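Throughout, read-outs are computed from the coordinates displayed, never taken from laboratory work. This structure is a prediction, so every number in the text was calculated from the model and none was measured. As a convention, Cβ positions derive from the backbone with ideal geometry for all residues, glycine included, and neighbour counts pool all protein chains shown.
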Amino acid sequence: MPDKKHANHILSGLKDLYPDPHHYLAFEGPFQLLVATILSAQCTDERVNEVTRDLFNRFPGPSDFAGADISVIEEAVRPTGFFRNKAKAIQGASAAIIERHNGEVPDTMEELIKLPGLARKSVNAVLQHGFSKVEGIVVDTHVIRLAGRLGWTENTKPEKIEEDLMELFDRSEWRWIPFYLKNHGRAVCKSRKPACGECTLAELCPSAFISPQGKAKKKRKWYWQLPIFWLS
Ligand code: SF4
């Protein structure tokens, strides 16, 4: 297990770098947040905000989505990608909210996770930013990548990564950890080419100057150093 003190030292560095934590999706109330969160899968926050600006005027609440022709929703959310699945999830969740919760988004992990189209990551986001309830950590693609590079976890499955991070950090930190990692992932620690030379965390980071490509090269080098009779 990674060292808690070291991990919290890195987190302090991230907080200094990105001192203004906030949510990037535009929404009013838990229902809009739920819809925006579904749309944000594999899509940038900026694109989601462009789409929801019009979408929330046309479909103000769960009953509007539940009663709509699915093809109309699909067309409206098409720019966010995976539009058929997303439209289905939004309509399914809307119908369930009406049938089981009198049109109000439930505010517990147990109920939210039963809504169609919502995985634990989305449920955490809705709870934290819609109800100010922090029960876990949102593990998105940036969290997966950076938590691994920073040595906070050796796991690759989101649920396991979340458990590791919850063990390392106080609950008071859970809400904004994804914000810090997303910002650092976008600005410096990019997926294909982390800019370790420009990274103020390099002295603390166990992956500094070991690019993903570098790792691959190392593996190939090791392979080619084997005696030829081992390879035949
Ligand atoms: S040192 Fe490199 S790998 Fe580590 S956080 Fe910075 S950019 Fe990412």
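For the stretch 120-125, putting each phi into the Karplus relation 6.51 cos²θ - 1.76 cosθ + 1.60 with θ = phi - 60° gives couplings of 4, 4, 5, 4, 4, 5 Hz, in residue order, rounded to whole numbers and with x for Gly and Pro. Normalised by the number of residues in the chain, the mean separation of alpha-carbon contacts (under 8 Å, six or more apart) gives a relative contact order of 20 percent. Applying a DSSP loop filter and a limit of 16 other Cβ atoms within 10 Å to the chymotrypsin sites (Phe, Trp or Tyr not before Pro) in the stretch 20-121 leaves Tyr24, Phe82. Computed from the alpha carbon atoms alone, the convex hull of the chain holds 160 Å³ per residue. In the stretch 64-161, the inverse of the mean reciprocal separation of distinct Cα atoms equals 15.0 Å; this is its Kirkwood hydrodynamic radius. Each of Gly61, Leu165, Ala95 was placed along the dipole of the chain (beta-carbon charges, centred on the mean Cα), and the one lying farthest toward the positive end is Leu165. Go through Lys15/Lys121; Lys88/Lys190; Lys15/Lys88; Lys88/Lys193 and tell me which ones have a Cα-Cα distance over 27 Å in this structure. Lys88/Lys190; Lys15/Lys88; Lys88/Lys193, as the Cα separations exceed 27 Å there. Taking the Cα centre of the stretch 38-166 as reference, the dipole from Cβ charges on Lys and Arg (+1) and Asp and Glu (-1) amounts to some 320 debye.
Note that the stretch 31-39 has calculated 3J(HN,Hα) couplings of 5, 4, 5, 4, 5, 4, 5, 4, 5 Hz, one per residue in order, obtained from phi through the Karplus relation 6.51 cos²θ - 1.76 cosθ + 1.60 (θ = phi - 60°); glycine and proline are x.
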